[in-house]
1. Select from segment 470-486 the residues that are buried (at least 18 other Cβ atoms within 10 Å of the Cβ), within 12 Å of the ligand (Cβ to nearest atom) and not basic (Lys, Arg) and list them in ascending order.
2. Looking at 426, 417, can you tell me which residue is open to solvent by 10 Å² or more (accessible area, probe 1.4 Å), in a helix (DSSP H, G or I), away from the ligand (no atom under 16 Å from the Cβ) and touching a residue at least 24 places away in the same chain (Cβ under 8 Å)?
3. Those residues that are touching a residue at least 24 places away in the same chain (Cβ under 8 Å), open to solvent by less than 30 Å² (accessible area, probe 1.4 Å) and in a helix (DSSP H, G or I), I need them from segment 579-606; list them, please.
4. For segment 498-513, check the following and say yes or no: at least one residue is away from the ligand (no atom under 16 Å from the Cβ), closer than 25 Å to residue 437 by Cβ and either at pLDDT below 95 or loosely packed, with under 15 Cβ neighbours inside 10 Å (or both).
5. Can you list residue pairs whose Cβ atoms sit under 7 Å apart, with the first residue in segment 96-125 being charged (D, E, K, R) and the second being in a loop (DSSP other than H, G, I, E, B)? Count only pairs 6 or more apart in sequence or on different chains.
6. If you scan segment 429-456, which residues turn out to be among the aliphatic types (A, V, I, L, M), part of a helix (DSSP H, G or I) and more than 16 Å from the ligand (Cβ to nearest atom)?
7. Please determine, by comparing only the residues of segment 91-134 that are open to solvent by 10 Å² or more (accessible area, probe 1.4 Å) and among the aliphatic types (A, V, I, L, M), which one is farthest from residue 184 (Cα to Cα).
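The values are calculated or read from the model by the stated rules, or taken from the named source; none is laboratory data. Just so you know, these numbers come straight off a predicted model, no measurement behind them. Cβ coordinates were reconstructed from backbone atoms using ideal geometry, including for glycine residues, and neighbour counts include every protein chain displayed. We work out accessible area using only protein heavy atoms, side chains counted, and drop any ligands, DNA or RNA first. Shrake-Rupley method; radii C 1.70, N 1.55, O 1.52, S 1.80 Å.
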Amino acid sequence: MYAATPALCQEEKAGKILVERVGDTAFIQLHAPSFQALTPRQQALAYWLTQASIAIDPIIYDQLSAYGLQEKRLLEEIMAHPQGIDPAAMPKIAEFAKLFWANRGNHNDLTSQKFLPAFTFDQLEKAALVAQKNGAFRTAYSDLPPLKTPADVTRELESLRASLFDPAFEPMITAKSPVGRKDTIQASSNTFYKNLSLTDLKGFQEKYPLNSSVVKTADGKLTELVYRAGTPDGKVPPGLYATFLKQANEYFEKARAYAEPAQAEAIGHLIRYYQTGEYADWVAFGTAWVQNDATVDFDNGFIEVYRDARGAKGSSQSFVTVTDKPITTAMKKLAENAGYFEQKAPWDPKYKLTSFKLPVVKAVETVIESGDFSVTTIGDNLPNENEIHEKYGSKNFLFTGSDRALNDATGKTAIAEFAAGPAEIERNETYGTEAGSLMTALHEVIGHGSGKLSERVSRGAQPFLKEYFSTLEEGRADLMALWNVWDPKLKELGLISNQEEVAKAMYDNAALVALTQLRRIPHGDTIEEDHERDRQLIAHYVADKVPGSIEQFTRDGRTYVRVADYQKMRQGVGMLLAELMRIKAEGDYDAIKALVDKYGVHFDPALRDQVLARYKKLNLPTYFAGMNACLTASFGKNGEVEKVEIDYLLDPVRQYLNYGAMYDKALAP
Ligand SMILES: [Zn+2]
């Protein structure tokens, strides 16, 4: 059932998205069609960068739990050596292993809560002993010693008993409001702090706040175990995760040879940072990285800090991307014509800009994500270090490949249930993806960048509009997309295929989303999230102010929403857009509060319950794990990359055993 395939990458180029479903979790395949258009040199660069991403992947398992790496080895060895394991136990172990990989451990990646296996301790122990007879655990797994005898296996299992089977033992990765006597760091399973409490940390100055684990030693002293490989000359000794960081650096050295000079410089700084762990080297990397806009781009490091209840320690994470040419080109063309769209905007001329400083946004397809980087991230603005983006700005990534995969995996099923009729279903089928991409491009480029503020708020509207600012700004950007999708300039620039139908598909979606998004708010009767508020505001304002534009109706006891007249809806879009621009430009807090409170916050809980029930019947996944592309390189006599092929594995077990094989040869097929 889990037989290894002869090649690392299967020949599987079909456009399958939803690869596998384990309970609430779906594995979805990320596609990077732009990879084919890269030069051989760029493909070689991408290959070595993805190897570096795989190299750091184990680190997050240890960061999230002290037992993570042992559990990972145990499950992977069993999955790679399953012959003769009790058929009553094996499917349950396989299911658990898949969820374990999807979440980088036995806590749910999103809720941070522990999940338990469906098999018993005895079943797991027997399976491990059979796997051992089949050849498992013979070699060291990274820093973990081999398990040579059955007694070694039994001891290993015993040491993992509480972590795997006791729900009360380390119940959360990050416990922000712990119950009982433990504080936030004691109650968290993550390993950023070991054997200590928040009180111990008072007055302790970390030298490596982002990339160390703080440990209390037997004599009561605090020390920092720095995440670093050490320098080759031995002046900086290796630290925590040296095995993985050293391996990553080997691949970065190879990648550097294929990179253009500016990117090669950035890679050089990252290699140095992984050797020394010094913050100055991290900033040097970020500074070079943010100014480089290579077609094959990447990030790799200890980046987001939200796993740490103190907000200091960075999660190990990485991605490698290829620029999504069609959408990036569209965004460039829109940026060049920003002045035109500003003149056509439906607001007071005194709020119109005459010169533009537009955001740099790159639309990208993901080749690989690893560590603590989730497929549900569809936009990211990096780096996080203030001192870098104040001086050099930031890179704004739009993960269009992930966005498409998430939509394809769930969107079609939901549309069939919620669309007003067959015309809307067909339109979404044919033009939905194009409308979604265009909406994103318009939103980012001519949406957020548009409009001039009055003298009073010239330093920014945020301090005036406070908690309503984000809702206003996201709404304004959405409305700029909805307003301009009908503009003939888009046709002239070649950015739209069938203007009438694409525009209608965009409007259908804007009207419908106010209904379908209610599924994300299972409790209460108010909306808190800013994007959800903005979408609700648009649909409800337009329906109220322009009768006959958007209509809600009931069929067979079910509620539907339909755009009755697209031009009337556009009229409402223009009215709201003009008003939101005025509010932003004048910093009119009372006006935005009145608008959002009336149209964007409240909903009928009975309608929400109906929406929830209809979604429940569709049995859509709640959680998502990304399946990466699989790159295979062939090499010449001197180790140079001759050719790189991209395939889609469509098999989570094979993917994660391939990754594990980098440190444990027994996992290779
Ligand atoms: Zn936005």
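1. Matches in segment 470-486: 471, 472, 473, 474, 475, 477, 478, 479, 480, 481.
2. Only one candidate passes the filter, namely 417.
3. Within segment 579-606, 580, 581, 583, 584, 585, 592, 595, 596, 599 qualify.
4. yes
5. Once the first residue is charged (D, E, K, R) and sits in segment 96-125, its partners that are in a loop (DSSP other than H, G, I, E, B) give 104/372; 109/374; 114/106; 114/167; 114/170; 114/171.
6. 435
7. Among residues in segment 91-134 that are open to solvent by 10 Å² or more (accessible area, probe 1.4 Å) and among the aliphatic types (A, V, I, L, M), the one farthest from residue 184 (Cα to Cα) is 130.
One line per residue, one yes/no per condition, for (1) modelled with pLDDT of 90 or more; (2) under 15 Å from the mean Cα position of the chain (by Cα):
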| residue | (1), (2) |
| --- | --- |
| 347 | yes, no |
| 380 | no, yes |
| 389 | no, no |
| 404 | no, yes |
| 409 | no, no |
